[in-house]
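The values are calculated or read from the model by the stated rules, or taken from the named source; none is laboratory data. Remember, it's a predicted structure, so these values are computed and weren't measured experimentally. FYI the Cβ positions are ideal-geometry reconstructions off the backbone, even for glycines, and counts take in every protein chain you see.
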Ligand code: CA2
């Protein structure tokens, strides 16, 4: 079965412990389980990874090149700062959906700019944990359109 990578960046391991008004009440393991179920319904296996370290996230994107058909990426705060993550996405050439739990455009000015958006297939933000499912649906639809 083809496979998707759901990759989460810094501090997202803390989901469900603080700031539920911004990020929702679900924990990361709960979100990952939802992703696995939705991807399975669409015919994909799912690998879920999280790291607080930029280089580890770059390595995960590189590893995905030979192992996964596409990536759902919540790069957390690295979204707004990491040229390394952007270059990694460009270099592997996989479709990447940029995902954020919160609406980054309705928050502080520094969150409005994404270095990932120009190299992503698209961006989903503001729908809480449900956004991960929307991202999986969008990625699966894109991949099946690519096939035909
Ligand atoms: O809305 C998102 O998904 C973000 O990627 C979350 C990042 C933030 O830096 C981005 O601007 C938008 C922060 C994740 C912090 O996660 C926490 C989880 C629980 C408690 C505190 C923070």
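See the values below:
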{"item": "Residues located in region 122-141, provided they are touching a helix residue (DSSP H, G or I) at 6+ places or on another chain (Cβ under 6 Å) and closer than 21 Å to residue 93 by Cβ", "result": "123, 124, 136"}
{"item": "Condition broken by residue 39, with the remaining ones in (1) surrounded by fewer than 18 Cβ atoms within 10 Å (Cβ to Cβ); (2) within 14 Å of the chain's Cα centre (by Cα) satisfied", "result": "(1)"}
{"item": "Residue 6, sole failed condition from (1) surrounded by 14 or more Cβ atoms within 10 Å (Cβ to Cβ); (2) within 10 Å of the ligand (Cβ to nearest atom); (3) modelled with pLDDT of 95 or more", "result": "(2)"}
{"item": "Residue 135 assigned to a helix (DSSP H, G or I), farther than 19 Å from residue 12 by Cα and at pLDDT 95 or above", "result": "no"}
{"item": "Verdict on residue 32 being buried (at least 17 other Cβ atoms within 10 Å of the Cβ) and over 19 Å from residue 125 (Cα atoms)", "result": "no"}
